[in-house]
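First the structure, in the form of structure tokens, and then the observations on it.
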Amino acid sequence: MCTNVTTSSQKKFGRTEVIDNTLNPDFVRKFILDYFFEEKQNLRFDLYDVDSKSPDLSKHDFLGQTFCTLGEIVGSPGSRLEKPLISREALLDN
């Protein structure tokens, strides 16, 4: 599950659906954001391995997070962007 889709203003947009038993999920849920060409709009995506029906994220395994700008997504082919995850350990090292 991808959760905490967050903008640079720290506004949370919600969570994707849970996709069972895959290392390469293809999320269907879309998030509609206003795109301002002249403005850098930072995004953060947190990903979790969901192990139960609990909505409490502490009950699930944090896989990592990634960052990009809305412009990177808009400018990529088909408005689809793939980025590697940054692990918890790497985040703590910085």
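Can you tell me which residue within region 27-66, out of those that are farther than 23 Å from SER87 by Cα and among the hydrophobic types (A, V, I, L, M, F, W, C), is surrounded by the most Cβ atoms within 10 Å (Cβ to Cβ)?
So the residue we want is LEU33.
Looking for something touching a His at 6+ places or on another chain (Cβ under 6 Å), modelled with pLDDT under 90 and loosely packed, with under 10 Cβ neighbours inside 10 Å - is there at least one such residue anywhere in region 67-89?
no
Scan region 43-93 for residues that are in a strand (DSSP E or B) and over 27 Å from ILE32 (Cβ atoms) and report the count.
Of the residues in that region, 1 qualify.
Consider region 61-94. How many of its residues are more than 14 Å from the chain's Cα centre (by Cα) and within 16 Å of PHE27 (Cβ to Cβ)?
Number of matching residues: 3.
Taking interchain pairs and intrachain pairs at least six residues apart, which have beta carbon atoms under 9 angstrom, with the first residue in region 51-70 and among the acidic types (Asp, Glu) and the second surrounded by 15 or more Cβ atoms within 10 Å (Cβ to Cβ)?
Once the first residue is among the acidic types (Asp, Glu) and sits in region 51-70, its partners that are surrounded by 15 or more Cβ atoms within 10 Å (Cβ to Cβ) give ASP51/HIS60; ASP61/TYR48; ASP61/VAL50.
The values are calculated or read from the model by the stated rules, or taken from the named source; none is laboratory data. Please read all numbers here as calculations on a predicted model, not as lab measurements. FYI the Cβ positions are ideal-geometry reconstructions off the backbone, even for glycines, and counts take in every protein chain you see.
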